[in-house]
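The values are calculated or read from the model by the stated rules, or taken from the named source; none is laboratory data. Because the structure is a prediction, the values reported are computed rather than measured. Virtual Cβ from ideal backbone geometry, glycine too; neighbours counted across all protein chains shown.
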Amino acid sequence: MKREPARVFPEIEEYREMLEIKHLRAKNHFVILLLAVGAALTILYMALSDYAIGYIASLAIAFLALILLNLSCLAYGRENIRFNQLNKYVTTFGVFAVAVAMLFIFQSPSMLSLLFIAYALSAFYQDRKVMLISNVSLVFTFLALMTNFRAFFTVENPSAENDFGLYFFVIIFISLLTISQYIMIKQKGFFYNQIAISRETEFRNIDFMIDACEKSTGAKIDTKGYFAAAESFAKALSAKIGVDDAFAGKLAVLKDLEAGTKHEAILAKHPDYAEADLDRMGELLFTGRHKLRKVAIKMSRVRGVDVHKREIFSETQFKTFNHPSDTLEIKIIAFAVFYAALKRGSAGMRPLSETEIYEAIVHTDYYFYNDPAVMRIYRENSAVFDAIVKDAFAPEAGK
C-alpha cells in the first residue's frame, strides 16, 4: 500500500505505553511493601513511646488508606490502565501528606528526613508529573516549616545563620534532587524506546517476509488441511486422557474467523462467546499477519542465532543499513551502492527506473530499515541520485 511515512516508527507509542504500565505495576507492589513496613514501624514506635491514642489511630488510618488505595488501583488497573496512572499521582500526594502530619505530631527536627523518604518513594515512579508534584510539595512544606517551626533549622553558630543562606540551601538541595530524578526519567525513556523500536523493527521484518512470500510464490496456506489435522489431534488427545473434546467449539469458531465470517453471524452461531473472545481468538489465525503466524515465523528464523547480551535491546539487530557503529557518511555510501545496484540491475533482476526505486524505498516498509537522516537526504535529492548514477554508467552504455 502506498503511503507517506510522517516519521519513523509512529506505532511504537502504544507498545512503549504498555511497557511503562507493566513496570509501573511492579513499582506499585514495591511502594505498597514500603508503606506497610513504614506503617508498622511508625505505629510500633508511637505505641512504645506512649503517644496519645488519637495520634496513633490517625496515622494508622492514613497509612491504611494509602495501602488500600494502591491495592484498589492495582485491581482496577487490570481493566483500565488509567487507574495505574492515577495511583502514582494520588500516592505522591498521600505520602507527603503523611510525612507532614508526622512532622507536626512529633515536632522534632529529626523528622525532616521523612520528607526525603516521601520524595524517594515518589521517585520510584520515574515520572515527570510525579516529579513536579514532589518538588512543589517539598518546597511548600519547607516554606511552611521555616515560617512556623524555625527552631527546626537552628544551628549551633548563630552568626552563620541567616534567611538567605537557609533559603539558598533549600533551593540548591531541591534542584539537585530534581536534576538526578530527571536524569533517571530520561534513562528510563531511552530504555523503553529501545525495546519498543526493537519490537517494532522485528514485526516490520516479519510483515515484509510475509508479503514477499505471498508475492513471490502466490501459494496459499492449506487451511482445510490444517483444521482437519487440528481436529484429529484434539479428538485423539481428548480420548487419550478420557475427557470431552474441549477444542471442538474453539476450532469451529477459528474456522469461521478464517473464512471471513462476520462477528455477528459467529456470535449468533456460538452464543457462548463474546466479542472480546473473537478478537482474542482472531490472533490465533495462521493466515495474514496475525500473531500466531508471526510467532511461528520468528521461531523458524531465530533458531541457532547467537545474540550477544548487549545487543538484546538493540533495534539494529535486524537492520543492514542502520548500525549505530557506522557514521552517517558510511550509511550514505552503503545506501548509494545499493541504489546503484538497483539502477544497474543484475543477472537475476532487471534494471529499475527512478520511479520504481523511489516507490519501493519510500512507500514500503523498506523506508524504516534505513537511518532517518539518509532517507531524508534521498527524498529531498532523489533526482540528484538518479543523475549521478546515470553519469557513472554512461561510459559503459557507450561501449
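Assorted remarks:
- Residue within region 242-263 that is of a type outside the set (D, E, K, R), exposed (fewer than 11 other Cβ atoms within 10 Å of the Cβ) and part of a helix (DSSP H, G or I) present: no
- Taking the numbered list (1) at pLDDT below 85; (2) crowded, with 19+ Cβ neighbours inside 10 Å; (3) aromatic (Phe, Trp, Tyr) in turn, residue 63 passes all entries but (1).
- Any chance residue 223 is free of Cβ contacts under 8 Å to residues at least 24 places away in the same chain and polar (S, T, N, Q): no
- Of all residues in region 264-282, those being of a type outside the set (A, V, I, L, M), exposed (fewer than 13 other Cβ atoms within 10 Å of the Cβ) and outside any helix (DSSP H, G or I) number 2.
- Residue within region 106-120 that is in contact (Cβ under 8 Å) with a residue 40 or more places away in the chain and more than 16 Å from residue 145 (Cβ to Cβ) present: no
Conditions tested, residue by residue: (1) acidic (Asp, Glu); (2) free of Cβ contacts under 8 Å to residues at least 24 places away in the same chain; (3) over 16 Å from residue 125 (Cα atoms).
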| residue | (1), (2), (3) |
| --- | --- |
| 53 | no, yes, yes |
| 56 | no, yes, yes |
| 64 | no, no, yes |
| 73 | no, no, no |
| 81 | no, no, no |
| 93 | no, no, no |
| 97 | no, no, yes |
